[in-house]
Amino acid sequence: MSQNPPVDKISRRRRIIRSFEGKALGNRNFTEQIADQFTGTFGSFSFAVLHIYWFVLWVVINDGFIPGVSPFDPFPYGLLTMIVSLEAIFLSIFVLLSQNRAGQVASLREELHLQVDLIAEEEITKVLELLSEIRNKVGIKREDPELERMLARIDTSYIESSLQRQIDAGATSLLRVITPTGLHLGENKPNGSVVKK
């Protein structure tokens, strides 16, 4: 009875990565697909060149450089300004839709990384525990405080609350530095008074 050849771990990892990205792309709704297509088109060099030709032709026609063609949007090109403004609004919407979807995929990927890292931490701690038991069985009596610290399980809730405190402290310090008057806290106003902290 022949056994199946072992699966190449690197190939398997690549398939997982591809399937994750493919699943995220496959779960896009119709508007997200359209937004991605438009964003890809609008972000191309050919789109920029097309606009350059369009603007030059518009200016040449409406400045009367072509004989026999009467200007329909003379300087300051009010119609062109309105068209470009509307285009900018729709371009911004499409880009934001595409970025929102990409942000959701990035959040899922980060959550996946976090879960894998937590599992890896538990496995590494278990391996360290086994090595510590082997060390005791062999008869190594020398104390190793670093190993003892590594054997302690990581308290993720403590790390999360610590990071949240740092984020909150950063936001608070930013608010303390910038005031509605544009002065830094603790500085003297022009009339000699001090902005209170």
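The values are calculated or read from the model by the stated rules, or taken from the named source; none is laboratory data. Treat the numbers as computed from the prediction; the structure is a model and nothing was measured. Positions of Cβ are backbone-derived with ideal geometry, glycine not excepted, and every protein chain shown enters the neighbour counts.
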Qualifying residue in segment 96-117 (condition: over 24 Å from the mean Cα position of the chain (by Cα) and part of a helix (DSSP H, G or I))
no
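Determine which member of the set 67, 74 is part of a loop (DSSP other than H, G, I, E, B) and loosely packed, with under 12 Cβ neighbours inside 10 Å. Working first, answer last.
Details: 74 fails: loosely packed, with under 12 Cβ neighbours inside 10 Å.
The match here is 67.
Among the listed residues 58, 54, identify the single one that is touching a Leu at 6+ places or on another chain (Cβ under 7 Å), at pLDDT 90 or above, surrounded by 11 or more Cβ atoms within 10 Å (Cβ to Cβ) and part of a helix (DSSP H, G or I). Show your work before the answer.
Values: 54 fails: touching a Leu at 6+ places or on another chain (Cβ under 7 Å).
One residue alone meets the criteria, 58.
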Test for residue 142: is it of a type in the set (D, E, K, R), assigned to a helix (DSSP H, G or I), assigned by TED's automatic domain parsing to the domain that holds residue 44 and modelled with pLDDT under 85:
no
Using the structure shown, decide if residue 28 is part of a helix (DSSP H, G or I) and modelled with pLDDT under 80.
no
Counted residues in segment 56-104 being closer than 22 Å to residue 30 by Cβ and touching an Asp or Glu at 6+ places or on another chain (Cβ under 8 Å) come to 3
